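Data first, discussion second: the structure below is written as C-alpha cells.
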Amino acid sequence: MHCEFSIRKGKPRYCNGTKNIKQREFLCSKEGFKLDEDFCKDKYSKRLETRIGCKAFVRFTVENGVSRVSAFNPEHNHELALQSERHLLRSGRRISKPKADVIDTMVNAGISTKNAYSYLTKEVGGSENVGFTERDCYNHVNVQKMTMISAGDAQSLLNHFKSKHVEDPMFFYTVQVDQENRMTNFLWRDGRSRVDYDCFGDVVVFDTTYRTNKYNLICTPFVGVNHSWQNVMFGCAFLLDETIDSFKWSESTNHVLNGIANKSISLTKFVIEYGNALADMRSSELDEDFRCKQGAPQKVVKKSGILGHAAQVYTCKIFNLFENQFLNSLAMVWDQVDCQDKIGVFEVKEENSERVCIVRFDNFNSNISCSCKKFESLGILCCHALQVFSIKNLTRIPSQYILKRWTKEAKKGMMTYKQDNHSLSNDKEANIVWRNSMMRIANIVISKSQGEDSLKRICQKLLLELDEKIERELSRIKVGVDANVEENEVIQCDTTDEMPCLPNEVLVLNPPCVRSKGLRNNSLKGTLRSARQTHLKMHLLQEKENKKQLKNIQMSHWVAHTIHQSINHLIPTLIQTLQVLTYMVNLTRLGQCILRNELCKCTIYIYVARYRCCSPT
C-alpha cells in the first residue's frame, strides 16, 4: 500500500552577496509548530492543528546549476494519507489552465461554482481525478473576481469601457465624478443598441426605479419594444441619488435584468452581465425573425383577404394581436349616423354594450379614425375600424396604417445611409454618421455570408480588394497627389471618435458607499414585527451569555494549564500554587467544576511524583 504526504518549501539559502540559491529544502507539511496565539481571544472560526513537528525532509545543494541531495530524513511522526486520499493533499492540488478556463466560462455564463465543479468531476470520472477540491474551485472564482477590480471598482469599469470602445467604435460611454473624483453617474451603450434605437426608438421607457449594487446606485435602463413584441435595450445608466425612499421596486425592470445583479455585485461585473443579457435578448430576436421568415402564421379565417395581407407584412406576434382585433370586429354592431360625399361617420359598439366608438372613414383616400385611439397608441388598427373596412369591402390594409416598426422588414432600411452633401463632407459629425452607416452595412453583409463557403470566399475576396483600393488611395493622399474621386472609389474617413471619458492620468475613485435602508413591507402585521424583534433580542442575550461562558471556560483551561506546568516544580511549590489559584480565581459553577476535575488529576500526578521521589532508583 502506498502512503502519501504533503510537502512545502523551506527557506532557501543564498550565496553571499547574490540571489543565487545554494541550498533548498523540501519539508513535510507538518514540520514545525504553530505560533502561539492569545488563548482567550475570540475567533470567528478555528483551524485544525496540522503542524506537529515532523522531521522528515530532503535537502538539495546547488553547485554550478546542478542540484544534489545532501541530506534526507524519511521518518514521519504522524499517520500518512492513503492513496485514495492523495487528491486531498494540498501540495498535490492545482487548477490547470484548461480547467480554469472551463470554470471561468461556466461561471460567466451564469452557472454556479458548485455546478461547474460537479460538471468537471463527471467529465473526469470522479472528484479524485479532478486535481483540486471544491474549495479550491471557489477560491479560484473569488480570485478572478478580485482581479477584475484590482485597479478599483470604478477605475476597472472605466478601463473596461475603453477596451469595449476599441472593439466597437460605435460603443459610447460617459462618466461623471464629484469634487473628490468619485464616480457618481455613468451611462453606456454599444453600437447595436444605437441601431435598435434608430429602428424602435419611438417608444422608450426610462426606468429609474431599480437599485442593485453595493453602492446603492440607481440602475436606469433604457428599454423599448422591437417588431416582435420583445424587450430591446437602448442603453443603461447608473445614477447616484441619496433619496432612497422616493424610489420603489419595479417588476418590469426586474424582468429585463432577470437575475444578473445583487447587492454585492461590482460595477464591472454588472456591466459584463448586462452584456450577456443583451446577447441573450438579441439571440431570441434572431430566432423569432428566422421563425417569421421561414413560415406563415395560421389564420382563423383562411379566406379573409385582410388577414392574409396582415400575415404577409406583420411579424407573428403582431399578427396575433391584429387577428384578435379582427375577431372582435365580428361581434360588433354598427350604425351609419352621417353620410357625406367623402366622409362617412359610423357608431360602432359591442352587442349589449353602452360604450359607443365613433369611426370616421374617408372614401377618397381610405383614411380612418376611431375615438378609441388604439392605432395612435399601439400602432395597429382597432376592431371598430376593421368593422368599417368590412362594410366598405376593403380586403387589404391601407399602407398608411402599416407601421414599419411592426413589420418583418423593420430593419431592412437601416443598412443604407441616405447619401447627401454631408456624407462626403470633412465635418467630423458627418463622418461619424457615415462610418456608422457603413459599419451596419458591413455587419449585414458578413452575417449573410457566414452560412455558405462560397459566400465566405466571395465576401473575403471583395473585402481584400476593397482594402487594397483604400491602401492605394491613402498612399496617393500621403504623397500629395490630387486624385479625382470616381464613382467606384472609397473616401477616406476619420477613424477617430469622440469618447467622453476622463484622462488616463486621473484615477477614478469608487462611488461613495451608501448603506441600504431596506424596503418596507407594509403587509407584515405588527405582532409579527414585534415577535421578530423579541426573538432578535433573545438571540443577542443568548449570544452574550455564550461568550461569557466561553471566556470562563477558557480561563478554567488556563488555570488547568498553569497547574500542569507547575508539576515540574517541587511538590511543596505545586501545592502552594494550587491553593493560591483556588482562592484567587472567582469562577462560575461550570468553571469550578472544570477546575475541580483538573485538581483531581493533578493530585494523582502529585502522588505519582512523590512515589517516584521516595522510591529507590
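The values are calculated or read from the model by the stated rules, or taken from the named source; none is laboratory data. These numbers come from a predicted model, not from an experiment. Glycine also receives a Cβ, built like all others from the backbone with ideal geometry; neighbour counts cover every protein chain displayed.
Here is how the numbers come out for the structure above:
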| item | result |
| --- | --- |
| Identity of the residue in segment 63-91, modelled with pLDDT of 80 or more and of a type in the set (Gly, Ala, Ser), that ends up farthest from CYS15 (Cα to Cα) | ALA81 |
| All positions within segment 278-316 that are over 17 Å from LYS408 (Cα atoms), outside any helix (DSSP H, G or I) and touching a strand residue (DSSP E or B) at 6+ places or on another chain (Cβ under 7 Å) | none |
| Verdict on PHE132 being at negative phi, in a strand (DSSP E or B) and surrounded by 11 or more Cβ atoms within 10 Å (Cβ to Cβ) | no |
| Subset of segment 321-341 (residues that are part of a loop (DSSP other than H, G, I, E, B) and surrounded by 11 or more Cβ atoms within 10 Å (Cβ to Cβ)) | LEU330, ALA331 |
| Matching residues, segment 350-362, being closer than 20 Å to LEU394 by Cα and among the basic types (Lys, Arg) | ARG360 |
| Failed condition for LYS404, given (1) closer than 30 Å to VAL445 by Cα; (2) surrounded by fewer than 16 Cβ atoms within 10 Å (Cβ to Cβ); (3) in contact (Cβ under 8 Å) with a residue 12 or more places away in the chain | (3) |
| Verdict on MET106 being in a helix (DSSP H, G or I) and modelled with pLDDT under 85 | yes |
| Residue list for segment 91-123, restricted to those being exposed (fewer than 14 other Cβ atoms within 10 Å of the Cβ) and of a type in the set (A, V, I, L, M) | ALA109 |
| Meets criteria (within 24 Å of CYS3 (Cβ to Cβ), surrounded by 12 or more Cβ atoms within 10 Å (Cβ to Cβ) and touching a strand residue (DSSP E or B) at 6+ places or on another chain (Cβ under 9 Å)) for HIS87 | no |
| Members of segment 160-177 found to be closer than 17 Å to LEU267 by Cα and without any contact (Cβ under 8 Å) to a residue 12 or more places away in the chain, listed by number | SER163, GLN176 |
